[in-house]
Each structure stands twice: as C-alpha cells, then as structure tokens.
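What follows is one structure encoded as structure tokens, with my remarks underneath.
The values are calculated or read from the model by the stated rules, or taken from the named source; none is laboratory data. All values derive from a computational prediction rather than experimental measurement. Cβ: placed from backbone, ideal geometry, glycine included. Neighbour counts: every protein chain shown. Each accessible area value is taken on the protein alone, full model and side chains, heavy atoms only, with ligands, DNA and RNA left out. Shrake-Rupley method; radii C 1.70, N 1.55, O 1.52, S 1.80 Å.
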Amino acid sequence: MELLRPESVDAATAALGNGSVALAGGTELVPLLREGIVRANALVEIADVVPRGIDVKGTRGQTEVSPRAGVVIGAGTKLAELEVDPQIPAALREACRLAASPQLRAMGTIGGNLLQATRCWYWRLQFPCYLHGGDRCHAKEGAHREHAIFGNELCASAHPSDPAAALVALGASARTTKRKLPVAELYRLPTEDDRSLTTLEADELILELEVPSVEASVYLKAMDRRKWAFPLVGVAAASSAGEIRIALSGVAPIPWTLESPDTLEDATPLPGTAYKVEIALALVRRALAEVRAAG
C-alpha cells in the first residue's frame, strides 16, 4: 500500500478514487483497513491540506465580532478542540465530548466523524448484507438490540455519529471540494440501486462546516456504558427564531430529523429495538424542556 502526501486540496482530490482513500485522523479508517472491510491501493493523507480550526463566520481579520455570527469549522479540526471551545454551540460541544475516549477525540477529526461507518456487527463481520451488496438485512433475522427504529426498510443499521445529529439540529452546512449543502444532505438511505449512506463522491472532500448561531441547544445521549459508548439513542435539539429543530443519532442508518415528539409514533422498530422508542421519547421531552428553558 502506498502513502501519498499531497501539498494541496486539488492534488488530494486528484489522487482520490481508483483504489485510493483519504486518511485524516485514522481512528475510523485504520481499523477498517486492518479488518479488511476497506481495501485500498493507496492512502491519501489529507491532514495538511484540509482546513483545521474555528473562525467566527464572516469575520476573518475583524477585531470586533458579533456573538450571533455563527462559526466556521475546518473539517480537520479535532473533536477535542471543539468540545472545549466556547464559540461552539452547546449541543455540538457535548456531542463531541461524548463521542469517544479522550485519546480518540484527540486524534479524530470532525469531518471523519461525520463519515464514520455503521457499528452494525453484521456489516463489521462482513455478512453479505445490503450494505455489502447482498440481498438481505441480517439484523432483521438475528440479534438487533442496537439497530434502527426509523428508515430501516432495507437496512436496519444505526448511524453512530453524535456530532452529525448535533450539526443537523443546528442547521449546519458543509462546504466540500465540489459544492455547499446542508449537513443533513450529506446522508441518504440506501436503495436497491445504490447502497451508499452518504452523497459524497469518491473524489470529494469535506472542507468546512458552517454552523449558524442559535438561541439554545442541547445534546442528550443514552448508551450502554456511562462513558465512551456509541449511542443507543442520541437527541440533539436547537432553537432559533422561534423554531426548535430535533435530530437523532443511533436510531436510523443516517442521522434522523424528527419533526416533533409525535412523529415517534411513526417509528418502525424491530422486536428487539422497541425500547429505543421509549428512550427517544423521554430524551426528546427532556431536550425540548432544556432548550425552552435556556432560550
């Protein structure tokens, strides 16, 4: 395997595809390579070319900054940097803090975290499931306690990213090497014709995240352990201009937008995941109460 170290974003994207994959913090990719789930002819190290850091939106070079300006986050920024920066909305800070152990948060980037693969054990063990090009979701036939309650018609995997749900609730946008789009539109449910869970192309990189200011936000998480576990259910809520947006992690193959607590009645849990609906309802109510009180 070859390691490439391009000196510019253009050189990095030109090197991607055709068996090459991007490498940033490595906390996600390296284990997948080791297990043979991802195969690559070359690794394209992008740590030195993808933006890193936090800026107040639209104020580079200005000495006076509006507290309502929002922030721009480089995709190479570490989770550990985001969790302690007071410019970052509370929901995203908490989501980053709860995402992993201190060692992983010190290495993992926000861009990589948004694109992390499912923790579904059938996928990780390389069962011939839908995401691997097969014709069935093995979770529906086997153990599935940690799987999805929404969007699980073809695949019942659960998206593991805490920051992704927070960014969706915050109404954040991503700037890539090809376009700008809402973070929510980075994701898609798999279909018979396309089993991908993201909309990024093979030679497309996330460069920056634009996070608008909000009046109040919160991220709550239920997990099997008290610390450093993937979400059974995560709930992000953010209020802005009289509207509260809610997004969930751990309940669908992608970060899931919830219109209101009532739409939890539309959940389609498997027999072993019905408990997630009750947890989600409790956390959504708590999150709404906290956001309303803070706003």
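For this structure, a couple of remarks:
- Complete set of residues in the range 119-128 that are surrounded by fewer than 24 Cβ atoms within 10 Å (Cβ to Cβ) and touching a Ser or Thr at 6+ places or on another chain (Cβ under 9 Å): Arg119, Trp123, Arg124
- Selection from the range 5-21 of residues that are open to solvent by 40 Å² or more (accessible area, probe 1.4 Å) and under 28 Å from Ala99 (Cβ atoms): Arg5
- Qualifying residue in the range 128-145 (condition: touching a strand residue (DSSP E or B) at 6+ places or on another chain (Cβ under 8 Å) and at positive phi): no
- Screening Leu264 on (1) open to solvent by less than 50 Å² (accessible area, probe 1.4 Å); (2) in contact (Cβ under 8 Å) with a residue 60 or more places away in the chain; (3) not charged (D, E, K, R) shows it passes everything except condition (2).
- Within the range 228-244, the residues that satisfy the criterion of being open to solvent by 30 Å² or more (accessible area, probe 1.4 Å) and free of Cβ contacts under 8 Å to residues at least 40 places away in the same chain are Ala241, Gly242, Glu243.
- All strands (runs of 3 or more DSSP E) inside the range 29-117 with 1 or more residues being modelled with pLDDT under 95 and either crowded, with 17+ Cβ neighbours inside 10 Å or not small (Gly, Ala, Ser) (or both): 54-56
- Any hit, the range 150-171, residues being under 21 Å from Ile46 (Cβ atoms), out of contact with any Ser or Thr (no Cβ under 7 Å at 6 or more places or on another chain) and not in a helix (DSSP H, G or I): no
- The range 245-261, residues that are open to solvent by 50 Å² or more (accessible area, probe 1.4 Å) and at pLDDT 95 or above: Arg245, Trp256, Thr257
- The listed residue being under 22 Å from Gly19 (Cα atoms) and buried (at least 16 other Cβ atoms within 10 Å of the Cβ), out of Leu170, Leu209, Leu205: Leu205
- Of residues in the range 191-202 being more than 15 Å from Leu115 (Cβ to Cβ) and in contact (Cβ under 8 Å) with a residue 12 or more places away in the chain, the one surrounded by the most Cβ atoms within 10 Å (Cβ to Cβ): Arg195
- One residue alone among Leu258, Leu186 is under 14 Å from the mean Cα position of the chain (by Cα) and not basic (Lys, Arg), and that residue is Leu186.
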